[in-house]
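Okay, structure first, notes after.
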Amino acid sequence: MKISFVTLFCSFAAMMAPLSVSADAKADKILATTRYAATMQTQQDLHGHMSKNGKRTPLSLFLRNENIQFSYQVKGKDNRFHMRLKQDRYDLLEIKDGKTTRFSDAKLSQNINGTDVSYEDLSMRFLYWKDTELEGEEKVDRQLCYKLRLNNPSKTAGKYRIVDVWVHKKHGGMMKLIGYNAAGMPLKKFLVTALMRVGKGKEYTLRTMRVSTVDAKSNKTTGITYLNFEKAKKAATKKTR
């Protein structure tokens, strides 16, 4: 199911700020192509792993339209959480003692199993923030991209206050991201090194990505984790009589 967020503006606002309105509407349209739910129009499963210093953490994503499930294994134990997409909401949830619990603001930025990937990073919930701006066009690895700026609507949820995203101008795949703190200093850098086509469509999704933790004071890289996914597989469907 492809999620589309359409913003209507009155004619007065369009007359007062036509460039801003047009840029923001286009930014959201561009961003929609990079979201998990947008690139996976049918139910799909992605399997792979996170790797840091030779240590692998098995990882799976189960895309079920508005409900995206995440699973990672530690010492053979399966740990699951999911992101529920609703209008203006993109909550991360987990099941504890049979009850569904929403992630705390602090937990969003916790890294998973000693990697450089946090719960917020893996879910990429920032791609669903509504305050988006089109900054222009730049090249990433000689590929022409749209540069988008995403502004966190919350002052407490997650580690990033701003996230810049570079989206391939031709096929709409995400190429690079940088997450910044409130002072505008980079905290995490994401570089997509390979994409894969989704089914027989024209959409692409992530295949491999390098995630680098950056020290905000020195601007030096302090850790690197690689995300690797196999080719997407269609989820099994039950037959009905």
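The listed residues Ile224, Ile112, Ile162 rank as Ile224, Ile162, Ile112 when sorted by accessible area, largest first, using a 1.4 Å probe.
Using θ = phi - 60° in the Karplus curve 6.51 cos²θ - 1.76 cosθ + 1.60, the 3J(HN,Hα) couplings for the range 24-32 round to 5, 5, 5, 4, 5, 5, 5, 4, 4 Hz; x is entered for Gly and Pro. Local charge for Ile224 was computed over the other residues whose Cβ lies under 10 Å away, with Lys and Arg +1 and Asp and Glu -1, and equals +2.
The local environment of Leu187, defined by Cβ-Cβ distances under 14 Å, has a net charge of +1 under the rule Lys, Arg +1 and Asp, Glu -1.
The 1.4 Å probe gives accessible areas that order Arg102, Arg210, Arg161, largest first, as Arg102, Arg210, Arg161.
The values are calculated or read from the model by the stated rules, or taken from the named source; none is laboratory data. Note that the structure is predicted; figures quoted are calculated from it, not measured. Positions of Cβ are backbone-derived with ideal geometry, glycine not excepted, and every protein chain shown enters the neighbour counts. Note: areas computed on protein heavy atoms with side chains; ligands, DNA, RNA excluded. Shrake-Rupley method; radii C 1.70, N 1.55, O 1.52, S 1.80 Å.
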